[in-house]
Amino acid sequence: MSDVHFERIALIGIGLIGSSIARDVKQLGLAKHVVVSTRSEETLRRAEELELGTEYTVSAADAVKDADLVIVSVPVGASEVVAKQIAGSLKPGVIVTDVGSTKASVIAQMAPHMPDNVHFIPGHPLAGTEKSGPDAGFAGLFRDRWCIFTPLPDTDADALDRLKAFWMALGSRVDDMDPQHHDKVLAIVSHLPHIIAYNIVGTADDLETVTESEVIKYSASGFRDFTRLAASDPTMWRDICLHNKDAILEMLARFSEDLAYLQRAIRWGEGDKLFELFTRTRAVRRSIIQAGQDVDAPDFGRHSLDTKK
Ligand SMILES: NC(=O)C1=CN([C@@H]2O[C@H](COP(=O)(O)OP(=O)(O)OC[C@H]3O[C@@H](n4cnc5c(N)ncnc54)[C@H](O)[C@@H]3O)[C@@H](O)[C@H]2O)C=CC1
Ligand SMILES: O=C(O)C(=O)Cc1ccc(O)cc1
């Protein structure tokens, strides 16, 4: 079955996200040509071995020539470099989008380089795992997950609809948001949990009174969940921290205040305060489950969707 949405798609960056898009596009027949481009020869060769595209090049500028859709899937800190590389080779009318975890910074890095006759529409699929690289991707990653778009004030409505139709073909639910609001929401639901995970695993690793082998041997499931997040790609998460600095610092300040409240309640034996908080937070999880999110699976159960129904 074929449902071609774009004649030629260029994928710039072919890690977890780029390669998952490539697998879906191939499986669903959403494009006639898929040009894969990445910086490193080694990753490009691996993408070719995995047959993720129809053409391969280390030149982002060559990759985007004649493309109708360009998807940039690189660490957010590399957005400006890529924008500069592709700007002079984009076809008039092409849709250029990205998948970066932060939006205001990506817009600031890319928009000034985009020619007027190009539709630049920033996006962010809220789907992923702690793994990275072209081998880590899988078909179905985006199914039943949100993809948020942060269109610019002058974004063409038809181009936005075409891009949304593409993501809906991958199984995503789509929504629009203001970029600053996106960055605040993501700071609390995604960026802080990762930062807390990096911190707790780092703290455990630094403890002098508990040996590393004890941490490994006795790690209960709570700690293990943190280690999964803390195993996420260092480059990607360094860039997210640096490129969503204000929202993350704002949420960290709130978090620290609330932690001090909890610390005080524990110190003074204020069980009622602890009980009230733990009851309230339990309700949040129930709401997530009611909203249809499979929170029990380690990576939201995406691997179970690898094989098509
Ligand atoms: N990993 C996740 O769970 C999710 C990641 N994202 C976002 O998606 C983007 C990509 O993330 P992943 O695919 O997980 O990363 P990844 O590390 O698996 O892949 C990144 C790819 O970008 C390439 N790359 C790096 N710098 C480049 C440059 N200057 N020019 C061309 N290619 C370059 C790398 O070679 C690699 O192919 C990031 O912006 C990240 O914030 C969004 C949703 C989920
Ligand atoms: O692995 C996980 O639990 C994630 O939360 C993956 C993830 C990482 C970054 C994003 O911007 C979106 C999703």
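The values are calculated or read from the model by the stated rules, or taken from the named source; none is laboratory data. Since the structure is predicted, the reported quantities are computational estimates derived from the model, not experimental observations. Reconstructed Cβ throughout: ideal geometry from the backbone, glycine too, with neighbour counts over all protein chains shown.
So is residue 206 of a type outside the set (Ser, Thr, Tyr) and surrounded by 10 or more Cβ atoms within 10 Å (Cβ to Cβ) or not?
Judged against the criteria, residue 206 is not a match.
Within region 101-115, how many residues are within 13 Å of ligand 1 (Cβ to nearest atom) and either without any contact (Cβ under 8 Å) to a residue 40 or more places away in the chain or not assigned by TED's automatic domain parsing to the domain that holds residue 80 (or both)?
Matching residues across region 101-115 total 2.
Among the residues of region 108-127, write down those that are within 16 Å of ligand 2 (Cβ to nearest atom) and more than 12 Å from residue 148 (Cβ to Cβ).
Listed by number, the list is empty, since nothing qualifies.
Would you say residue 93 is out of contact with any Ser or Thr (no Cβ under 6 Å at 6 or more places or on another chain), assigned by TED's automatic domain parsing to the domain that holds residue 159 and at positive phi?
Values: out of contact with any Ser or Thr (no Cβ under 6 Å at 6 or more places or on another chain): yes; assigned by TED's automatic domain parsing to the domain that holds residue 159: yes; at positive phi: yes.
Against the criterion (out of contact with any Ser or Thr (no Cβ under 6 Å at 6 or more places or on another chain), assigned by TED's automatic domain parsing to the domain that holds residue 159 and at positive phi), residue 93 qualifies.
Does residue 164 satisfy being charged (D, E, K, R), touching a strand residue (DSSP E or B) at 6+ places or on another chain (Cβ under 8 Å) and under 20 Å from residue 11 (Cβ atoms)? Please lay out each step first, then the result.
Working: charged (D, E, K, R): yes; touching a strand residue (DSSP E or B) at 6+ places or on another chain (Cβ under 8 Å): yes; under 20 Å from residue 11 (Cβ atoms): yes.
In short, yes.
Quick one: would you say residue 32 is surrounded by fewer than 24 Cβ atoms within 10 Å (Cβ to Cβ), farther than 25 Å from residue 176 by Cβ, within 23 Å of the chain's Cα centre (by Cα) and away from ligand 1 (no atom under 12 Å from the Cβ)? Break it down into steps so the answer makes sense when it comes.
Numbers: surrounded by fewer than 24 Cβ atoms within 10 Å (Cβ to Cβ): yes; farther than 25 Å from residue 176 by Cβ: yes; within 23 Å of the chain's Cα centre (by Cα): no; away from ligand 1 (no atom under 12 Å from the Cβ): yes.
So residue 32 fails the test.
Got a sec? Which strands (runs of 3 or more DSSP E) wholly within region 1-72 have at least 2 residues that are within 16 Å of ligand 2 (Cβ to nearest atom) and touching a strand residue (DSSP E or B) at 6+ places or on another chain (Cβ under 7 Å)?
Once the strands (runs of 3 or more DSSP E) in region 1-72 are filtered for at least 2 residues that are within 16 Å of ligand 2 (Cβ to nearest atom) and touching a strand residue (DSSP E or B) at 6+ places or on another chain (Cβ under 7 Å), what remains is 69-72.
Has region 89-101 got any residue that is touching a Pro at 6+ places or on another chain (Cβ under 9 Å), within 14 Å of ligand 2 (Cβ to nearest atom), in a loop (DSSP other than H, G, I, E, B) and of a type in the set (D, E, K, R)?
No, because not a single residue in region 89-101 is touching a Pro at 6+ places or on another chain (Cβ under 9 Å), within 14 Å of ligand 2 (Cβ to nearest atom), in a loop (DSSP other than H, G, I, E, B) and of a type in the set (D, E, K, R).
Evaluate the following for residue 79: is it within 16 Å of ligand 2 (Cβ to nearest atom), touching a strand residue (DSSP E or B) at 6+ places or on another chain (Cβ under 9 Å) and not charged (D, E, K, R)?
Working: within 16 Å of ligand 2 (Cβ to nearest atom): yes; touching a strand residue (DSSP E or B) at 6+ places or on another chain (Cβ under 9 Å): yes; not charged (D, E, K, R): yes.
Yes: the conditions hold for residue 79.
Among residues belonging to region 116-167 that are over 13 Å from the mean Cα position of the chain (by Cα) and among the β-branched types (Val, Ile, Thr), point out the one that is farthest from ligand 1 (Cβ to nearest atom).
Among residues in region 116-167 that are over 13 Å from the mean Cα position of the chain (by Cα) and among the β-branched types (Val, Ile, Thr), the one farthest from ligand 1 (Cβ to nearest atom) is 155.
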